[in-house]
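Below is one structure, written out as C-alpha cells, with a few remarks after it.
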Amino acid sequence: MPPTLAPGILYVSREFETAHHLCACGCGSKVRTPLGPAEWQVDETPQGVTVRPSIGNWQFPCRSHYLIQRGRVVWSDQWSEARVRAGRQRDQERLQAYLDREASAKPSSWWARFRRWLGV
C-alpha cells in the first residue's frame, strides 16, 4: 500500500488479502478491510468495484457507515453500541465457523489416519 492514500481510491492487494481507502466521509482516516471468505470481499465489474459487507467505521470519531457498490459510496444507517457489539460478535462467529470448516476439510496426516485406523 502506498504511504499516502488518495481520496476516492480503493487500494486492493490480492497478495496480502487486504484493501485500504480513506474514509468516505472525508475525515481522512485510513480504513483497512481484510479480505477473505469470512471477511470483506471485493468484486470488480465494468460498472466499478463493490465491497461487501458494509464498512462501519465505529472506532473513528466520524462513526461513518457505508457500502461501496459499483464504484459509488452508498450511505447506511448509524448503529447503536449494542448493535455494533452484536455485529462484531456475529463477525467473530462467522470467522470461527469458517476456520473450523477449513481445519476439518484439510486432509489428515498419514500418522493421524493410521492412528484412527488402529482405533487409538
Legend entry - Rounded FRET efficiency, nearest 0.05, which uses the C-beta distance separating SER109 from SER13 and R0 of 30 Å: 0.40
Inset, instruction - Rank by packing, highest mean first: peptides 39-46, 15-22, with packing defined as the count of other Cβ atoms within 10 Å averaged across residues. - result: 15-22, 39-46
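Quick one: Kirkwood hydrodynamic radius for segment 11-77, alpha-carbon pairs, angstrom, one decimal? Kindly include the intermediate steps, with their values, before the conclusion.
Details: mean 1/r = 0.0821 Å⁻¹.
Hydrodynamic radius (Kirkwood, Cα pairs) of segment 11-77 is 12.2 Å.
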Legend entry - On Cα atoms only, tilt of 81-105 relative to the major axis of the chain in degrees: 40 degrees
Inset, instruction - Using 0.36 nm per residue of separation minus the Cα-Cα distance, give me the extension gain between CYS27 and ALA82 in nm, one decimal. - result: 17.4 nm
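For ARG90 and CYS62 in one chain, what is 0.36 nm times their gap in residues minus the Cα-Cα distance, to one decimal in nm?
Details: separation 28, 0.36 × 28 = 10.08 nm, distance 2.29 nm.
So the extension gain works out to 7.8 nm.
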Inset, instruction - Using log10 I(q)/I(0) by the Debye sum over Cα atoms at q = 0.09, 0.18 Å⁻¹ as the read-out, say which of (1) -0.39, -0.95; (2) -0.25, -0.95; (3) -0.36, -1.01 was calculated from these coordinates. - result: (3)
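Below 8 Å, C-alpha to C-alpha, sequence gap of six or more: please give me the relative contact order for the chain in percent. Each step should come with its number before you reach the end.
On the way: 142 pairs, mean separation 16.5, N = 120.
For the chain, the relative contact order is 14 percent.
Throughout, read-outs are computed from the coordinates displayed, never taken from laboratory work. Everything numeric in this text was worked out from a predicted model, so none of it was measured. For neighbour counting, all protein chains shown are included, and Cβ atoms are generated from backbone atoms with ideal geometry for every residue, glycine included.
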